[in-house]
Amino acid sequence: MSHLTTSIIREEHAALSAMLRSILLLLAQHRRQGSLPDFAVLRAMLFYVDEFPEKRHHRKESELLFPKLRARTPLSRELLDRLDEDHGRGERKIRDIEHALLAFEMMGESRRASFEEAIGRYVGFYLTHMELEEREILPLAERVLTESDWAELDDAFRANRDPLVGHPPEAEYRALFTRIVNLVPAPFGLGVAR
Ligand SMILES: [Fe+2]
Ligand SMILES: [Fe+2]
């Protein structure tokens, strides 16, 4: 049986993957054409990838879901540690990417390849991280968590979506995502519904 918690996590992964893959598609297209990308659009896409997981998604995993799992099973401890570490390292990684983007924008062609390499590595890191969570962690949670664990988690995830708890309201992130979808040219497939 699937729970609100796992469907929110999968939904957020889908939005993040769409954004990450679109960045690579956009860059590949501009490389083929020998043109420079629209840096404002790239900045907006990176802002989403930076802001949303940092403020919302990773916290829900590291502070709500993972501790419950550790309390219920000794399985996948090393993987949970690794995923927590990824959450912690993400911020530094995205700063480096943002710097590489600025260098590309300021210095032009000579910095294209290094930005492409950096973002390629980052997207790979991120997609692997989310895939591990979906393949290993969410099924493990479905196996070992109790109904009262799920009730607590689902309540917390529901509350986390509520602007009254003081986090940026979910609606703001949805609006940001939609704004970016409208900025990205149609062929790059950012049409995932949120
Ligand atoms: Fe994660
Ligand atoms: Fe995740």
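Considering only segment 84-100, I want to know if a residue exists there that is in a helix (DSSP H, G or I), modelled with pLDDT of 95 or more and either of a type in the set (A, V, I, L, M, F, W, C) or touching a Pro at 6+ places or on another chain (Cβ under 7 Å) (or both). The answer is yes, given that some residue of segment 84-100 is in a helix (DSSP H, G or I), modelled with pLDDT of 95 or more and either of a type in the set (A, V, I, L, M, F, W, C) or touching a Pro at 6+ places or on another chain (Cβ under 7 Å) (or both). Note on segment 152-167: residues that are loosely packed, with under 12 Cβ neighbours inside 10 Å and either in a helix (DSSP H, G or I) or at pLDDT 95 or above (or both) total 4. For segment 102-117, indicate whether the set of residues that are within 21 Å of residue 48 (Cα to Cα) and exposed (fewer than 13 other Cβ atoms within 10 Å of the Cβ) is non-empty. There is at least one residue in segment 102-117 that is within 21 Å of residue 48 (Cα to Cα) and exposed (fewer than 13 other Cβ atoms within 10 Å of the Cβ). Say we look at segment 26-39 and pick out the residues that are free of Cβ contacts under 8 Å to residues at least 12 places away in the same chain and part of a helix (DSSP H, G or I); which of these is farthest from the chain's Cα centre (by Cα)? The residue in question is 33.
The C-beta contact set for segment 71-99 (first residue among the polar types (S, T, N, Q), second residue in a helix (DSSP H, G or I) and crowded, with 16+ Cβ neighbours inside 10 Å, distance under 6 angstrom, 6+ apart or interchain) comprises 76/140. With the structure loaded, tell me whether residue 105 is of a type in the set (Asp, Glu), more than 13 Å from ligand 1 (Cβ to nearest atom), assigned to a helix (DSSP H, G or I) and at pLDDT 95 or above or whether it fails that test. Against the criterion (of a type in the set (Asp, Glu), more than 13 Å from ligand 1 (Cβ to nearest atom), assigned to a helix (DSSP H, G or I) and at pLDDT 95 or above), residue 105 qualifies.
Can you name the residue in segment 12-57 that is surrounded by fewer than 17 Cβ atoms within 10 Å (Cβ to Cβ) and at pLDDT below 90 and is also farthest from ligand 1 (Cβ to nearest atom) among such residues? The residue in question is 51.
Name the single residue, out of those in segment 45-76 being closer than 30 Å to residue 184 by Cα and of a type in the set (Lys, Arg), that is nearest to ligand 2 (Cβ to nearest atom). Ranking the candidates gives 60 first. Residues in segment 122-139 that are aromatic (Phe, Trp, Tyr) and near ligand 2 (Cβ under 9 Å from one of its atoms): there are none.
The values are calculated or read from the model by the stated rules, or taken from the named source; none is laboratory data. Treat the numbers as computed from the prediction; the structure is a model and nothing was measured. We place every Cβ from the backbone using ideal geometry, glycine too, and count neighbours over all the protein chains shown.
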